[in-house]
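Read through the structure below, which is laid out as structure tokens, and then see the notes.
The values are calculated or read from the model by the stated rules, or taken from the named source; none is laboratory data. These figures come from a predicted structure and were not determined experimentally. Glycine also receives a Cβ, built like all others from the backbone with ideal geometry; neighbour counts cover every protein chain displayed.
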């Protein structure tokens, strides 16, 4: 005898159920791929920032060893621009609390800029350099060698 219950007689899945299942699967895959893409972009950004920080630290070591450059007379040498960015090391006169320039002392601002946007990648480093304690030689070719 046949069953009179419609649910017991039903076999397979209905078209509506299949479409709903497919839509849920598509939403899940889209969310997953978006998450992967976002994580990849974030990882790339952190690698670029890490490299920039390494370059700034390396340049600050170079500036500490380089001969003294009078503020306003030029800049400290920096490696050539690469595909990621470029460094600047600009000396300026150091001043005391009253604003009087300190002879033989300068502050050097080191920045790393993005090549594409010319915007800073990391916070600039400010260091104080004394003419009396400045080194005699340093090789700009070594800046960023380990980055």
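Things to note:
- Residue in the range 37-51 that is in contact (Cβ under 8 Å) with a residue 24 or more places away in the chain and farther than 17 Å from residue 124 by Cβ present: no
- Filter pass, residue 90 being without any contact (Cβ under 8 Å) to a residue 24 or more places away in the chain, touching a strand residue (DSSP E or B) at 6+ places or on another chain (Cβ under 9 Å) and surrounded by 13 or more Cβ atoms within 10 Å (Cβ to Cβ): yes
- Filter result (farther than 17 Å from residue 70 by Cα, under 29 Å from the mean Cα position of the chain (by Cα) and surrounded by fewer than 17 Cβ atoms within 10 Å (Cβ to Cβ)) within the range 93-133: 114, 115, 116, 117, 118, 119, 120, 123, 124
- Test: residue in the range 69-81 that is modelled with pLDDT of 85 or more and touching a strand residue (DSSP E or B) at 6+ places or on another chain (Cβ under 8 Å): no
- Matching residues in the range 107-129 - criterion: being touching a helix residue (DSSP H, G or I) at 6+ places or on another chain (Cβ under 6 Å) and either within 16 Å of residue 62 (Cβ to Cβ) or assigned to a strand (DSSP E or B) (or both): 108, 110, 112, 125, 127
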